[in-house]
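Let me begin by presenting the structure, written as structure tokens, before commenting on it.
The values are calculated or read from the model by the stated rules, or taken from the named source; none is laboratory data. Because the structure is a prediction, the values reported are computed rather than measured. Neighbour counts are summed over all protein chains in view; Cβ atoms, including those assigned to glycine, are modelled from backbone coordinates with ideal geometry. Only protein heavy atoms, including side chains, enter the accessible area calculation; ligands, DNA and RNA are left aside. Shrake-Rupley method; radii C 1.70, N 1.55, O 1.52, S 1.80 Å.
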Amino acid sequence: MTTSEREAAAASRLMEMTIDHWRGELLLQAAEMSLADKFDGDSPRSAKELAAEYGMRHRELYRYLRALTGIGVLAFAGKDSFRRTALGAALRTGAPGSARSAVIALIGDMVKPAWKDFDHGLLTPDPGFEKAHGMSLFEYLQKNPGMATFFSETMVGFHGREPPAVAEAYDFSGIGSLVDVGGASGNMLGHVLSRHPGVKGVLYDLPHVVADAPALLASHGVADRATIEGGSFFDSVPKGHDAYLLSHIIHDWDDGENATILKNVREAMKPGGKLLIVEMVLPEGDEPHMGKMLDMMMMLVPGGEERTSAEYAELLEPNGFRVTRVVPTDSAVSVVEAVRA
């Protein structure tokens, strides 16, 4: 391949990456229209029928549905008719994986304005989200309960494979009591306790966040081995336990806020206790990794970051911890194990 051919191929690849943005916008429109909910299984619907239901122009809606066949969400089913594909079915409201919620939360009005201020996070310590909305992510979610619901469902779907993978990969059997710090509804703790019957657990998060935890822990069959405590990890964490699990907590905050969290954990744990950080640990080299993209989202929205194993050591050592090992799992996350230095 000549130099000019290589340059042309590279330009073509960049164009494809640009068009990926268009595909995201098409998905957002489908999610906001609840389009997948308009279909019943494999039964076809006509563009004319759908246009009447939505109050939209027939020809323009037909062209939009045709575009969705090009990204696999719909398929042609005869003249003017379309059927929903398996990919499209995943966009149903309440479908496993929460894809519809993720599309709305991550492409829609919550995050989209922040991308226009992405460079704000390169020039200042503040994320683009705060410049775009005039408030932090967590303030925004408190003021927009509908979007908070989409966001919560997104997190469950986005990280859905991780709890069983963590419970499988890391040996919790030597731990008598485990605190899931910032554990929300207890999904991670439920998976760990159900797989390791000798472990007792404490779910710790803000009181309104743990409201749904009793039912979820009961569904895992571990309610008798789990207690729930309400509070903020910026103030304190439950004292006197063997291990403290922080799943997708450290990546949300800056170094100063993490220092407060880590100080509270260090002071609370038993001598010989363990700190277990569940995050997407970035590879050191050039290889593609979902965590590299998530790192940009963390910089843009809450102002946190993803890290390599060496960068976790750099964060933990000044705060009194020593990394002992990093345990990969059969998912995008790893478990960073640390003890008091």
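Brief remarks follow.
- Unique match (being open to solvent by 50 Å² or more (accessible area, probe 1.4 Å) and without any contact (Cβ under 8 Å) to a residue 24 or more places away in the chain) among ALA148, ALA218: ALA218
- Each residue in the stretch 41-52 was checked for being in a loop (DSSP other than H, G, I, E, B) and at pLDDT 95 or above, and 2 of them qualify.
- Residue within the stretch 80-87 that is farther than 24 Å from SER98 by Cβ, open to solvent by 20 Å² or more (accessible area, probe 1.4 Å) and either at pLDDT below 95 or more than 34 Å from the chain's Cα centre (by Cα) (or both) present: yes
- Count of the stretch 59-91 residues which are in contact with a Lys or Arg (Cβ under 7 Å, 6 or more places away or on another chain) and not small (Gly, Ala, Ser): 5
- Qualifying residues in the stretch 151-185 (those that are aromatic (Phe, Trp, Tyr) and closer than 30 Å to ARG325 by Cα) - the one most open to solvent (accessible area, probe 1.4 Å): PHE158
- Pairs meeting the criteria (first residue in the stretch 297-309 and farther than 15 Å from VAL111 by Cα, second residue β-branched (Val, Ile, Thr) and buried (at least 21 other Cβ atoms within 10 Å of the Cβ), beta carbons under 6 Å, at least 6 apart or on different chains) are SER309/VAL281.
- Selection over the stretch 194-210 of residues that are closer than 24 Å to GLU267 by Cα and open to solvent by less than 40 Å² (accessible area, probe 1.4 Å) gives a count of 7.
- Selection status of ASP37, at pLDDT below 95 and either open to solvent by 60 Å² or more (accessible area, probe 1.4 Å) or closer than 15 Å to VAL103 by Cβ (or both): no
- Filter pass, THR324 being exposed (fewer than 14 other Cβ atoms within 10 Å of the Cβ), at pLDDT 95 or above and hydroxyl-bearing (Ser, Thr, Tyr): yes
- Within the stretch 157-177, residues that are over 25 Å from ALA90 (Cα atoms) have Cβ atoms under 6 Å from residues that are of a type in the set (A, V, I, L, M, F, W, C) and open to solvent by 10 Å² or more (accessible area, probe 1.4 Å) in these pairs: ALA169/VAL327; TYR170/VAL327, counting only partners at least 6 apart in sequence or on another chain.
- Criterion: touching a residue at least 60 places away in the same chain (Cβ under 8 Å) and open to solvent by 40 Å² or more (accessible area, probe 1.4 Å) - qualifying residue of ASP126, ASP42, ASP119: ASP126
- Selected residue (only one of GLY291, GLY231 is touching a Phe, Trp or Tyr at 6+ places or on another chain (Cβ under 8 Å) and within 30 Å of GLU139 (Cβ to Cβ)): GLY231
- Residue under evaluation GLU229, criteria (1) farther than 24 Å from GLY97 by Cβ; (2) open to solvent by 30 Å² or more (accessible area, probe 1.4 Å); (3) outside any strand (DSSP E or B), criterion not met: (3)
- Of the candidates ALA213, ALA243, the single residue that is open to solvent by less than 30 Å² (accessible area, probe 1.4 Å) and modelled with pLDDT under 95 is ALA213.
- Of all residues in the stretch 129-145 being exposed (fewer than 13 other Cβ atoms within 10 Å of the Cβ) and not acidic (Asp, Glu), the one that is farthest from the chain's Cα centre (by Cα): GLY134
- Matching entry among GLY97, GLY72 (being open to solvent by less than 80 Å² (accessible area, probe 1.4 Å), in contact with a Gly (Cβ under 8 Å, 6 or more places away or on another chain), part of a loop (DSSP other than H, G, I, E, B) and within 30 Å of GLU130 (Cα to Cα)): GLY97
- Residues being surrounded by 18 or more Cβ atoms within 10 Å (Cβ to Cβ) and either aromatic (Phe, Trp, Tyr) or farther than 28 Å from ALA102 by Cβ (or both) - total across the stretch 288-314: 1
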